[in-house]
Amino acid sequence: MSTEAPPEAVTPPLGPASPGARRRRLPWLLPHLGLLPFFGYLAVFLLWPTYLVLIGAFQDDRGRPTLRNVRTVTTSDYLHGFVRSIEVSATTALAGSVLGALLAWAVAESRPDGLLRRVTVASCGVLAQFGGVMLAFAFLATFGFNGVVTLFLHDHLGVNVLSGGTWLYGLTGLVVVYTYFQIPLMLIVFLPAVDNLRPEWREASMSLGGSTWAYWRYVAGPALAPSFFGAALLLFANAFSSYATAAALVSQGSPIVPLQIGNFLTSEVALGRGGAGKALALGMIVVVAVVMSLYALVQRKAATWLR
Amino acid sequence: MAAVNTSVPDGRTRPPRPSARSRRARPSPVSALRWAVLIVIGGYLLLPLLAMAEFSTRGTATGRSLDAWREIGSNADLLGAITMSLELSALTVVATLILLVPTMTWVHLRVPRMRRLVEFACLLPLTIPAIVLVVGIGPIYLWVNYLLGDSPLTLTFVYVILVLPYAHRAIDGGLGSADIVTLAEAARSLGASWPRVLVNIVLPNIRGAVISASIISVALVLGEFTVASLLNFDTLQVVINLLGKRDAAVSVAVSAAALLFAFVLLYALAQVASRRPGTVAADATEEGPTP
């Protein structure tokens, strides 16, 4: 691996604070060479693959330029995949951000160093970021055919509620499980903003005769709004890019884009149609890039309050 | 996994939080609402985890049985995958630190105007979903496997990219909080070489940040499924998923064990962060046992 420390050759003998006469003779670019290993690595394992996706989306199997892949993706069932993906992501981002914000508020009111807060933050970190396949199995154990809740309802109420668990393996299941990992992610992203609400603001509002409602409506709400929408966008991107949970959960068909892409990579049928898979991947990049740009804009707005 | 703000504590020492806030007496409806929120949402988050415990300890007739948990210790595929994933995470941590620490230190000391560019580059993987990366990385892995063999450990190359945003955030915080520039200048003026500055001056001062970056990387690698499964490597998550088709109880048991392990890691991370030199050590009485 080319990840050595910056080579000695590019280091002039003088420190950064004392640009002596000797330094001026060295080309200005020289210290920048120390970044070569890093950007070289990134170029090979991040930029090159991305470039291959972008280019491949506009090439046929023999490498000739074509628009057929893009046309395939924007006209057929794949377009429905995008619509469904966006619906699932938007629904779970909405539910996750509202519930997660409530949880963040409840946790922020507790002691800063208390056990409740530390345990909640640590477990939310686990559930939000390392779940994937494991969360799918957690829900199979809960609502699956032999899941705890399914069996309980069947044995004790004698009803076959929720059709014995089949809903879990389709789109409804995806929405429920995704929401499950969106709530903890919201807590982690949103908690710092809630922490930054100054107690003086509440005091000022109270001393001017404002009710608790007035405080939240006119002071805390507007101050938190940019952070809230930023976090919701992040949640959207998070759900939209997820593959693991869906792959472990969905048993039939490929309702959402990441699964369709996975299909292209694994199934024999798709051999020789790699271009369409790349066009799907390009579509994902476009959606996520738009969402993340919005996020950056909103975040700038939020930074005015988070100081 | 597109979180910019993660639970990773950055090295920046936070301003002391206003402590008068939660102590004050409040109207009880708000307090009741708060507890209702904690119980309902907390309950929803806990339910599947408790269900895992129940599901994985089901006996044949009526009693409880730990067979599924015992199976973890005797299933060769599973043990192999666990070992492989642990090796992968260790390798990823080492590679990430070797790539990131010298580069970021160099930027910090010598080319500060490149800081935004490096930060942007490190956050880029959040905009490019792992599933998209896999689509384009095929040809590169043909070369990697040709040069280095077909070991799952080659996944390290992609994993370094995937953990980059999180590791960058942690290390950036560490570099920002210690006065590295002055220390490095002093060491250089006393005749230390750059590698020596890195190892003897910078590393000890950003130890906490390095530990944070390492823990988050380990947890991320242990939970990774997308890349491993689509490149056909049998890591822990891939094997859990395969096993689930045959013996759901064992899969649920391993999943529960892995989640628990990740929780212990992250809880330890929170402890490490609060013990960072420069911050007041946490009151010993507040340290409850990890549930």
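The values are calculated or read from the model by the stated rules, or taken from the named source; none is laboratory data. This is a predicted model, so every value here is computed, not measured. Every residue, glycine among them, receives a Cβ derived from its backbone with ideal geometry; neighbour counts consider all protein chains shown. Quick note on the areas: whole protein, heavy atoms, side chains included, nothing else; ligands and nucleic acids left out. Shrake-Rupley method; radii C 1.70, N 1.55, O 1.52, S 1.80 Å.
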**Q.** Of residues in region B:33-84 being acidic (D, E) and either within 13 Å of chain A (Cβ to nearest Cβ) or out of contact with any Asp or Glu (no Cβ under 8 Å at 6 or more places or on another chain) (or both), the one most open to solvent (accessible area, probe 1.4 Å)
**A.** B:D67
Q: For residues that are at the interface with chain B (Cβ under 7 Å from one of its Cβ atoms) and touching a helix residue (DSSP H, G or I) at 6+ places or on another chain (Cβ under 7 Å), tally how many sit in region A:99-113.
A: 8
Q.
Considering only residues that are buried (at least 22 other Cβ atoms within 10 Å of the Cβ) and under 24 Å from the mean Cα position of the chain (by Cα), which ones fall in region B:109-120?
A. B:V118
(Q) Filter region B:142-165 down to the residues that are of a type outside the set (S, T, N, Q) and open to solvent by 10 Å² or more (accessible area, probe 1.4 Å) and list them by number. (A) B:L142, B:W143, B:V144, B:Y146, B:L147, B:L148, B:G149, B:D150, B:P152, B:L153, B:F157, B:L162
Q.
I need the full set of residues from region B:242-257 which are crowded, with 24+ Cβ neighbours inside 10 Å and at the interface with chain A (Cβ under 7 Å from one of its Cβ atoms), in order please.
A. B:S251, B:V252, B:S255
Q.
Among the listed residues B:M104, B:M114, identify the single one that is under 24 Å from B:L203 (Cβ atoms), touching a residue at least 60 places away in the same chain (Cβ under 8 Å), at the interface with chain A (Cβ under 9 Å from one of its Cβ atoms) and not small (G, A, S).
A. B:M104
Q) Can you name the residue in region B:179-196 that is in contact (Cβ under 8 Å) with a residue 60 or more places away in the chain and surrounded by 19 or more Cβ atoms within 10 Å (Cβ to Cβ) and, of all such residues, is farthest from B:L97 (Cα to Cα)? A) B:A184
(Q) Could you tell me how many of the residues in region B:198-218 are under 23 Å from A:G131 (Cβ atoms) and without any contact (Cβ under 8 Å) to a residue 60 or more places away in the chain? (A) 1
Q) Looking only at helices (runs of 4 or more DSSP H) that fall completely inside region A:188-307, which ones have 1 or more residues that are in contact (Cβ under 8 Å) with a residue 60 or more places away in the chain? A) A:221-241, A:244-249, A:257-266, A:274-303
